[in-house]
Amino acid sequence: MVAGSPLRVALMNDFEVVVRGLQGMLAPFEDRVSVVEIGAQVDVRQSVDVTLYDTFSEPQVDGEDFDDVLESPNPGAVVVYTWHLDPALIEVALAKGCRGYIGKTVSGAELVTALERVASGEVVVEPVTSQQPEPEPHSPGDWPGRAEGLSAREAEIVSLITQGLTNNDIALRSYLSINSVKTYIRTAYRKMGVTRRSQAVRWGLEHGMTPDEMRRQVTDQAP
């Protein structure tokens, strides 16, 4: 990072709408943060100061799939952006080499400040709490199904159903109890107007609830 220049950031998730939502969150702070790459299911190609990894519908940091993010050629400092603030996950993330673990209850301004602290060499965990944040009613960013009324949690559950995961699989990946998963399924089904899992899968396929593959270089700035 060049002194006085904006922080160079890459955004990663498997859904284009999610990374574009993050890009929109950071847009008001372009004098401090320059989003130079957004990607879904791809490694970071440019040299960046920070990679911000959104865990929506993704394996958590304790899975082997997450290691690919850390081992990609140019990730800079990797920061996890998540609803899942389980202390065990935070410990694993930091042990693997992540430089930040940020809960989705923080504001855009707080997120930018956290990224700047990480880029300056700090290890940042925000908020410092063992409590799971609740995404309703005011969730930052964007996600598939939001226009149809699904909350962030409901959308994540539906995306995992669409990808073929069982309720037990979903509970393990999302660090939720099986009863919480079933509750989110019931409320999501009401909003979707479906009653059976096969209908939910079809709805998900029709409403963008499966992962994308894309990379966009947002600027042409040299590393």
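Pick from segment 34-71 the residues that are among the hydroxyl-bearing types (Ser, Thr, Tyr) and over 15 Å from the mean Cα position of the chain (by Cα): which of them is nearest to ARG8 (Cα to Cα)? Of everything passing the filter in segment 34-71, SER34 is nearest to ARG8 (Cα to Cα). Of all residues in segment 117-126, those being free of Cβ contacts under 8 Å to residues at least 40 places away in the same chain, among the hydrophobic types (A, V, I, L, M, F, W, C) and open to solvent by less than 50 Å² (accessible area, probe 1.4 Å) number 1.
Every test in (1) open to solvent by 20 Å² or more (accessible area, probe 1.4 Å); (2) under 14 Å from the mean Cα position of the chain (by Cα); (3) at pLDDT 95 or above is passed by TYR184 save one, and that test is (2).
The numbered conditions (1) closer than 20 Å to LEU89 by Cβ; (2) at pLDDT 90 or above; (3) open to solvent by 30 Å² or more (accessible area, probe 1.4 Å); (4) not in a loop (DSSP other than H, G, I, E, B) are all true for ARG173 except (2). Scanning segment 147-170 for residues that are assigned to a loop (DSSP other than H, G, I, E, B) and either in contact (Cβ under 8 Å) with a residue 60 or more places away in the chain or of a type in the set (Gly, Ala, Ser) (or both) gives ALA147, GLY149, SER151, GLN163, GLY164. Among the residues making up segment 144-162, those that are hydroxyl-bearing (Ser, Thr, Tyr) and at pLDDT 95 or above are SER159, THR162. Scanning segment 148-170 for residues that are over 15 Å from PHE15 (Cα atoms), surrounded by fewer than 20 Cβ atoms within 10 Å (Cβ to Cβ) and not hydroxyl-bearing (Ser, Thr, Tyr) turns up GLU148, GLY149, GLY164, LEU165, ASN167, ASN168, ASP169.
The values are calculated or read from the model by the stated rules, or taken from the named source; none is laboratory data. All of these numbers come straight from a predicted model, not from anything done at the bench. Here the Cβ is made from the backbone with ideal geometry for all residues, glycine too, and neighbour counts use every protein chain on show. To get the accessible areas, we keep the full protein, side chains included, count just its heavy atoms, and leave off ligands, DNA and RNA. Shrake-Rupley method; radii C 1.70, N 1.55, O 1.52, S 1.80 Å.
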